[in-house]
Amino acid sequence: MQLRVLLTEDQIRTRIKELGAQIDADYPAGNLHLVCILKGAYVFLADLARAIKRDTFVEFMGISSYGKGKTSSGEVKVTKDLDHSVEGANVLIVEDIVDSGVTLSYLVQVLRQRKPHSVRIAALLDKPERRLRPVEVAYVGFKIPDEFVVGYGLDYGEKYRNLRDVCVLEEGEAA
Ligand code: PRP
């Protein structure tokens, strides 16, 4: 396996600043309820939350859809639920990547049942070619081709989450 840099730390930082400004401009004054989807989105959440100037309330939710391999099993399971109600809240789901859309279409449905004022999605990466379920992503960091990516929170078998860049994981000799 070898790594090829797709998005550098600098590109990611610049784009997240823009997303933060856009989010601040779009929402009315008041608290924004950020729901970080574990595990992959934890790095994006840390940077996005600091790029947003308004008050935020941060929560974590665990959803599992991939298992340990590279392809989605299509199964979605809540592994950790929210600790607080989102009733009446402006909820912004923070995700690292939208791939088939299976995870997010399920999650949006689950959260809508809890009567928030609004639910939107912010995803650092979007692979539109892979979509199986329609998902409206209000804030997309980067649209990327259908390649397997790791780093900046994303893993392969739990490895590579701590890379600063987003890299394509390619078959081949070790880098
Ligand atoms: C990834 C990613 C999304 C989901 C997207 O999570 O963080 O939650 O898959 O795929 P989909 O659009 O095809 O549903 P993963 O299950 O790999 O868990 P992790 O974030 O804990 O690594």
State the number of residues belonging to the range 144-175 that are in a strand (DSSP E or B) and under 16 Å from THR8 (Cα atoms). 8
Of all residues in the range 1-50 being in a helix (DSSP H, G or I) and basic (Lys, Arg), the one that is most open to solvent (accessible area, probe 1.4 Å): ARG50
Of residues in the range 144-165 being among the basic types (Lys, Arg) and more than 14 Å from the chain's Cα centre (by Cα), the one surrounded by the most Cβ atoms within 10 Å (Cβ to Cβ): ARG164
Show the residue pairs meeting these rules: Cβ distance below 8 Å; 6+ apart or different chains; first residue within the range 85-103 and without any contact (Cβ under 8 Å) to a residue 60 or more places away in the chain; second residue among the polar types (S, T, N, Q) and more than 6 Å from the ligand (Cβ to nearest atom). ALA89/ASN31; VAL91/SER118
Residues of the range 3-48 being modelled with pLDDT under 95 and over 17 Å from GLU59 (Cβ atoms), which ones? PRO28, ALA29
Of those in the range 133-143 that are part of a strand (DSSP E or B) and over 16 Å from TYR42 (Cβ atoms), the residue least open to solvent (accessible area, probe 1.4 Å) is TYR139
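The values are calculated or read from the model by the stated rules, or taken from the named source; none is laboratory data. Everything numeric in this text was worked out from a predicted model, so none of it was measured. Cβ: placed from backbone, ideal geometry, glycine included. Neighbour counts: every protein chain shown. Just so you know, the surface numbers come from the protein's heavy atoms only, side chains and all, with ligands and any DNA or RNA stripped out. Shrake-Rupley method; radii C 1.70, N 1.55, O 1.52, S 1.80 Å.
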